Amino acid sequence: MGFWRAYIVGRWFRAREGFVVGLLTAANAAGQLVFLPTMASLVAHSGWRMMSLVLGGAVIVFLPLPALLMRNRPEDVGLRPYGDHGATGPDAAPEGNPVAVAFRALAIGARSRDFWLIAGGYFVCGATTNGLIGTHLIAACVDHGLSQVAGAGLLAVTGIFALLGGTLAGWLSDRWDNRLLLFAYYGLRGLSLLYLPFAFDMSVYGLPVFSIVYGLDWIASAPPTVRLLIGVVGTERIGIMVAWITVIHQVGSASAAYLAGVLRIAFGTYLEAFILSGILLIAAALMVLFVGAGGRVHQREIVATSPL
């Protein structure tokens with residue numbers, strides 16, 4: 001999911017890249033807001049087969065739109081990338097076998113400590129979003145007496161604040177130190193997960209507070225991560241390198257989805273999974289502060305072409 005955003009930004013924008021990544025990431029939260037309660041309601045009333053048919057039908061309906069309307073590069077429609085005033089030429093497509101190109105880019109990136117610091121943080125990010133909350137929050141709600149539809153509604157509310165948080169994070173990533181932003185996002189998300197096991201037993205304000213804090217941080221890490229990675233690997237390799245850290249992100253998601261289930265079976269509760277994930281996020285927050293230590297990473301100069 002993350003690599004196509006980087007390709008779009010790398011090809012079409014030379015200014016406000018973080019804001020654009022934030023908007024594209026927020027679109028993911030908007031889909032969550034629309035589909036999760038609808039799909040949960042369909043499962044509850046009509047079964048999972050009907051839900052799968054409706055979801056597949058929605059994909060079939062919308063899939064032709066980008067195929068027909070999107071273009072690969074601004075040069076295809078006679079434009080320059082936004083913010084490019086002619087100082088650079090069009091990006092050259094990498095030559096050679098695509099698989100070899102991908103692994104060659106990974107080999108180059110793997111030599112950088114900063115790449116692994118960013119990728120490690122993104123591993124924890126995937127583990128604590130799609131892997132833990134995206135997979136297990138509804139089950140945790142059921143454990144505490146809530147219905148599946150109510151759990152999906154909680155995720156949808158989280159999506160509302162993720163929409164706001166992702167957009168704001170993109171705007172901030174063009175203006176502030178992205179290491180500090182990631183430190184704040186990972187740290188606040190970690191604190192929210194440490195709080196979650198106790199929120200279930202609080203009165204009406206417990207879970208809404210979690211939804212607000214966690215939601216604002218859910219996808220906020222994407223824009224500063226891309227901006228930092230551009231500083232490490234350069235714009236010419238940003239697409240393929242974001243693809244690689246997205247793979248790492250998904251490995252984290254799969255690991256947490258499995259291990260959280262194992263912990264739930266072993267201890268009869270999600271308490272251990274939530275606490276461990278919160279601690280990992282605090283560690284990731286501290287880790288990203290060391291990106292660029294010694295001056296090895298350079299954040300691109302912000303080019304403000306017009307006020308927003």
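The values are calculated or read from the model by the stated rules, or taken from the named source; none is laboratory data. No experiment lies behind these values; they were computed from the predicted model shown. Every residue, glycine among them, receives a Cβ derived from its backbone with ideal geometry; neighbour counts consider all protein chains shown. Areas reflect the complete protein model, heavy atoms only, side chains present, ligands, DNA and RNA absent. Shrake-Rupley method; radii C 1.70, N 1.55, O 1.52, S 1.80 Å.
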Notebook entry, point to check: Just checking, how many residues over segment 229-260 are touching a Ser or Thr at 6+ places or on another chain (Cβ under 9 Å) and open to solvent by less than 20 Å² (accessible area, probe 1.4 Å)?
Noted result: 8
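Can you tell me how many residues in segment 107-118 are under 21 Å from the mean Cα position of the chain (by Cα) and surrounded by fewer than 24 Cβ atoms within 10 Å (Cβ to Cβ)? Full working, then the answer.
Within segment 107-118, the subset under 21 Å from the mean Cα position of the chain (by Cα) is 109, 114-118.
With surrounded by fewer than 24 Cβ atoms within 10 Å (Cβ to Cβ) added as a condition, the list becomes 109, 114-117.
Looking only at that region, the number is 5.
For (1) within 16 Å of the chain's Cα centre (by Cα); (2) under 20 Å from A199 (Cβ atoms), each residue gets a yes or a no:
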{"residue": "G126", "(1), (2)": "yes, no"}
{"residue": "T129", "(1), (2)": "yes, yes"}
{"residue": "A139", "(1), (2)": "no, yes"}
{"residue": "V142", "(1), (2)": "no, yes"}
{"residue": "V157", "(1), (2)": "no, yes"}
{"residue": "I160", "(1), (2)": "yes, yes"}
{"residue": "D174", "(1), (2)": "no, no"}
{"residue": "D177", "(1), (2)": "no, no"}
Notebook entry, point to check: If you go through segment 148-171 one residue at a time, do you hit one that is open to solvent by less than 20 Å² (accessible area, probe 1.4 Å), touching a helix residue (DSSP H, G or I) at 6+ places or on another chain (Cβ under 8 Å) and modelled with pLDDT of 90 or more?
Noted result: no
Item checked: Sole residue being among the polar types (S, T, N, Q) and either farther than 19 Å from M39 by Cβ or not in a helix (DSSP H, G or I) (or both), chosen from T129, T135, T167 -> T167
Check: Residues in segment 82-96: is at least one modelled with pLDDT under 75 and within 24 Å of the chain's Cα centre (by Cα)?
Finding: yes
Notebook entry, point to check: Out of segment 37-51, which residues are open to solvent by 50 Å² or more (accessible area, probe 1.4 Å) and within 30 Å of G165 (Cβ to Cβ)?
Noted result: T38, V43, A44
Check: Which of the residues that make up segment 142-159 are in contact (Cβ under 8 Å) with a residue 60 or more places away in the chain and closer than 22 Å to S253 by Cβ?
Finding: D143, Q148, G151, A152, L155, A156, T158, G159
Check: If you scan segment 173-201, which residues turn out to be open to solvent by 70 Å² or more (accessible area, probe 1.4 Å), of a type in the set (A, V, I, L, M, F, W, C) and closer than 22 Å to A273 by Cβ?
Finding: L188, L191, F198
Margin query: Looking at the structure I just gave you, is I240 modelled with pLDDT under 85 and assigned to a helix (DSSP H, G or I)?
Written below: yes
Item checked: Test set (1) buried (at least 22 other Cβ atoms within 10 Å of the Cβ); (2) at pLDDT below 95; (3) polar (S, T, N, Q) - S277 fails condition number -> (2)
Next item on the list: Kindly indicate whether any position in segment 182-192 is assigned to a helix (DSSP H, G or I), in contact with a Leu (Cβ under 9 Å, 6 or more places away or on another chain) and within 19 Å of I238 (Cα to Cα).
Entry: yes
